[in-house]
Amino acid sequence: MEKIQQYLAQLPPVPQSAQWVLAGVGALCLASKLLSYLRLVLSAFVLSGVNLRKYGKAGSWAVVTGASDGLGKEFASQLAAKGFNLVLVSRTQSKLDSLAKELEQKYTGKGLQVKTLAMDFSRDDDGDYERLGELVRGLDVAILINNVGQSHSIPVSFLETPTEELQNIITINCIGTLKVTQVVGPILKARKRGLILTMGSFAGWTPTPYLATYSGSKAFLQQWSNALASEMADDHVDVQLVLSHLVTTAMSKVRRPSLLVPTARGFVRSALGKVGLGGYQSTPNTYTPWWSHSFMLWLIENVPGVNSPVTIWQNKKMHMDIRKRALRKRERDAKKQ
């Protein structure tokens with residue numbers, strides 16, 4: 001300790017001008033963090049996002065993929081309540097028919113129109129995308145919700161990931177989203193206004209071991225969506241990626257809501273009500289609508305860092321624990337049969 005003190009004493013004094021520069025840099029950094037936190041609080045509890053009427057009047061159309069369950073079903077229901085007609089795309093025709101009938105009966109007074117298309121995105125059938133193009137041709141489409149997606153059945157190391165599961169995740173999450181956007185995007189471009197919302201995930205925002213393929217697919221969508229946002233801005237079309245942590249859906253396999261796990265209805269209400277309120281985040285054209293998710297995101301971005309070893313280790317530990325519980329449950333269920 002004495003040697004260190006002696007060494008420091010021998011160093012030349014820092015010039016006054018350099019001290020002021022360093023103090024200024026520190027003050028700017030602190031002010032930036034405080035401003036970011038203020039924007040976070042205002043976005044979570046005070047401000048409203050872009051009014052969806054900006055994108056289309058009542059009676060214009062919204063296209064929703066993965067529409068028959070979970071978040072997709074909620075997006076469809078809440079957009080119908082706001083006066084948008086619907087094009088619902090999902091795998092199972094019977095579920096689509098049931099949802100369409102339910103919504104048409106509920107909003108009879110609004111003259112709701114619903115069109116459906118059953119397609120299995122994992123097949124990557126060009127004919128399906130041609131049929132989607134025919135279905136939306138001539139419609140005043142204002143909003144596209146890219147919600148279709150698939151994750152791993154349980155957390156699994158990449159080398160143990162079944163080939164079919166790996167293929168389906170990439171085909172559905174990436175190829176399917178891109179091809180749907182190529183079908184619907186030109187309509188938004190031609191009308192010079194519109195909204196493209198694509199469902200992202202914390203798993204793509206930060207590297208997530210034991211969900212490596214899913215994590216990579218969502219990271220791809222994040223970069224693609226940012227690039228698309230810049231391109232479509234020239235045509236006054238807003239492109240936003242919606243970030244979420246866990247939500248009570250079949251994909252997450254979480255059934256009970258909690259402080260950090262909203263219901264699908266609550267999450268979608270926030271997603272549609274806070275479009276564009278992501279200025280406190282490090283990634284542009286991205287927002288985290290659920291308030292507790294947004295505070296978690298801000299803390300990670302500003303303390304350990306999204307790509308820090310600490311964050312990745314914590315993600316790995318969490319998903320290894322989830323995998324162990326899932327395997328124990330699988331063993332118990334096998335014994336019951």
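Residues in region 120-135 that are touching a helix residue (DSSP H, G or I) at 6+ places or on another chain (Cβ under 6 Å) and part of a helix (DSSP H, G or I): how many?
From region 120-135, those touching a helix residue (DSSP H, G or I) at 6+ places or on another chain (Cβ under 6 Å) are 121-122, 124, 129, 132-133; that's our starting set.
Of the ones still in play, those that are also part of a helix (DSSP H, G or I) are 121-122, 129, 132-133.
Of the residues in region 120-135, 5 are touching a helix residue (DSSP H, G or I) at 6+ places or on another chain (Cβ under 6 Å) and part of a helix (DSSP H, G or I).
Show the residue pairs that are 6+ apart or on different chains and have beta-carbon atoms under 6 Å apart, the first residue being within region 173-187 and in contact (Cβ under 8 Å) with a residue 12 or more places away in the chain, the second being open to solvent by less than 10 Å² (accessible area, probe 1.4 Å) and of a type in the set (Ser, Thr, Tyr).
ASN173/SER217; CYS174/SER217; VAL180/THR65
Any idea how many residues of region 185-215 are open to solvent by 40 Å² or more (accessible area, probe 1.4 Å), assigned to a helix (DSSP H, G or I) and under 28 Å from PRO309 (Cβ atoms)?
Residues that pass the stated criteria total 1.
Quick check, is LYS218 open to solvent by 50 Å² or more (accessible area, probe 1.4 Å) and of a type outside the set (Ser, Thr, Tyr)?
Numbers: open to solvent by 50 Å² or more (accessible area, probe 1.4 Å): no; of a type outside the set (Ser, Thr, Tyr): yes.
No, not satisfied.
Have a look at LEU88, LEU112, LEU135, LEU139 and point out the one that is buried (at least 21 other Cβ atoms within 10 Å of the Cβ), modelled with pLDDT of 95 or more and not basic (Lys, Arg).
Numbers: LEU112 fails: buried (at least 21 other Cβ atoms within 10 Å of the Cβ); LEU135 fails: buried (at least 21 other Cβ atoms within 10 Å of the Cβ); LEU139 fails: buried (at least 21 other Cβ atoms within 10 Å of the Cβ).
Step by step, each of LEU88, LEU112, LEU135, LEU139 is checked, and only LEU88 is buried (at least 21 other Cβ atoms within 10 Å of the Cβ), modelled with pLDDT of 95 or more and not basic (Lys, Arg).
Looking only at residues in region 18-56 that are touching a residue at least 40 places away in the same chain (Cβ under 8 Å) and outside any helix (DSSP H, G or I), which one is surrounded by the fewest Cβ atoms within 10 Å (Cβ to Cβ)?
SER48
If a residue counts only when it is among the hydrophobic types (A, V, I, L, M, F, W, C) and open to solvent by 20 Å² or more (accessible area, probe 1.4 Å), which helices (runs of 4 or more DSSP H) contained entirely in region 248-337 have at least 2 such residues?
Details: elements: 264-273, 291-302, 309-336.
Result: 291-302, 309-336.
Regarding region 145-168, can at least one residue be identified that is at pLDDT 95 or above, under 17 Å from SER225 (Cβ atoms), part of a helix (DSSP H, G or I) and among the charged types (D, E, K, R)?
no
The values are calculated or read from the model by the stated rules, or taken from the named source; none is laboratory data. Small disclaimer: the values here were computed from a predicted structure and weren't measured. For neighbour counting, all protein chains shown are included, and Cβ atoms are generated from backbone atoms with ideal geometry for every residue, glycine included. Quick note on the areas: whole protein, heavy atoms, side chains included, nothing else; ligands and nucleic acids left out. Shrake-Rupley method; radii C 1.70, N 1.55, O 1.52, S 1.80 Å.
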